[in-house]
Amino acid sequence: MDTHEMIDRYVNEVGENLPRKMRTDIEMELRSLLLDTLEEQSDGEPTPKMTAALLREFGSPETMAAQYRPAESLIGPKLFPTYKVVVAITVSIIGVLHLLWLGLVLWQNAGDDLIGRILDMTFSFGRSAILNAGIVTFIFAVIERVAGDSLELPDKKAQEWDPFELPPVKDPDRINRAELAVGIFFGLLFLSWLNFFPNWFGGVNFGEEDPWFFALVTAEFIALIPLFSASLLLDVVLKAIVFIQGRWNRVTRWIEVGSEIFGLYVVYRFFNLEEISTVPFFTTITKSILAIVIIIVILEIFGQLYRLLLGRPFTPRSFIKSKLA
């Protein structure tokens, strides 16, 4: 590793611990400062050993990033990327559920006050989205206040931190512990819902004065729930292993490919059902979504295999070049 690569790796690690809107300017400033300082301290061409000594004086990337962070914020920069993902997923789920609900209502009451029902559903979505986004914000703010420091990587002592062990700038095996923790939590939550509260999944309660139970999915769909649970459990266990290890490695990447192939098989089994829902409209929508998921997973598996077998990430350009070679 030469001097410039070591500095690039250090600056990149600092940037990974900063909010995106601050990252570019701070990386440019820090790189310029390091190069100027190194030039002043060396008579000729700086050596990697001199560069490593300078980086130790500046401190570990986590320590350096902490000096640039805002003094106080509702949700800190370490949790904020995960917070944005959770809010986006929450609002998206609410939107999909409202669209499905609107489709069911229109299917049952075709032509009855169409505009009014659409407006009611739109206002309902707005209220639900704001309320749930507020709840997610409150939860993350509490986590930030109670356990925000523990989510940070432990500060490394100067003598224990080795600049020669900085990961490459483009590191596909890097993990986001907070993001993995959220994935594990929601995976376990979904598993519990499927296996301990199946009635909540298989039916809907309509009406307030005279409620009645309506089976939303078919018995064939319910019969595949154990298979889907096994796929989801495998994904949760794999995430937990990677979380403990702190990085992806070749073994866990191969396990991930196996997990994705098994998940693809499960999705295909659902897609191959003649009827997914007792409502034809839901069956059509669900099969369209599953078809898109199948295509995405196949491309993901192909990209993973390409990277594992050839040792480089898959891009259309690299794939064409390998075919022409």
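Before moving on, here are some points about what is shown:
- Failed item in (1) surrounded by 15 or more Cβ atoms within 10 Å (Cβ to Cβ); (2) small (Gly, Ala, Ser); (3) over 21 Å from the mean Cα position of the chain (by Cα), with Gly263 passing the rest: (3)
- Within the range 249-305, restricting attention to residues that are out of contact with any helix residue (DSSP H, G or I) (no Cβ under 8 Å at 6 or more places or on another chain) and small (Gly, Ala, Ser), the residue that is nearest to Leu233 (Cα to Cα) is Gly258.
- Sub-7 Å Cβ pairs linking a first residue in the range 178-195 that is surrounded by 14 or more Cβ atoms within 10 Å (Cβ to Cβ) to a second residue that is at pLDDT below 85 and among the basic types (Lys, Arg), at least 6 apart or interchain, are Ala178/Lys78, ordered by first then second residue.
- Residue within the range 276-290 that is outside any helix (DSSP H, G or I), surrounded by 13 or more Cβ atoms within 10 Å (Cβ to Cβ), more than 19 Å from the chain's Cα centre (by Cα) and modelled with pLDDT of 85 or more present: yes
- Selection of the range 14-38 for residues being loosely packed, with under 11 Cβ neighbours inside 10 Å and acidic (Asp, Glu) yields only Asp36.
- Residues being at pLDDT below 75, within 17 Å of Ile93 (Cβ to Cβ) and assigned to a helix (DSSP H, G or I) - total across the range 169-217: 2
- Among the conditions (1) more than 29 Å from the chain's Cα centre (by Cα); (2) within 30 Å of Lys84 (Cα to Cα), Phe58 misses just one, which is (2).
The values are calculated or read from the model by the stated rules, or taken from the named source; none is laboratory data. If you're wondering where the values come from, they're calculated on a predicted model, not measured in any experiment. Note: ideal-geometry Cβ built from the backbone for every residue, glycine included; neighbour counts use all protein chains shown.
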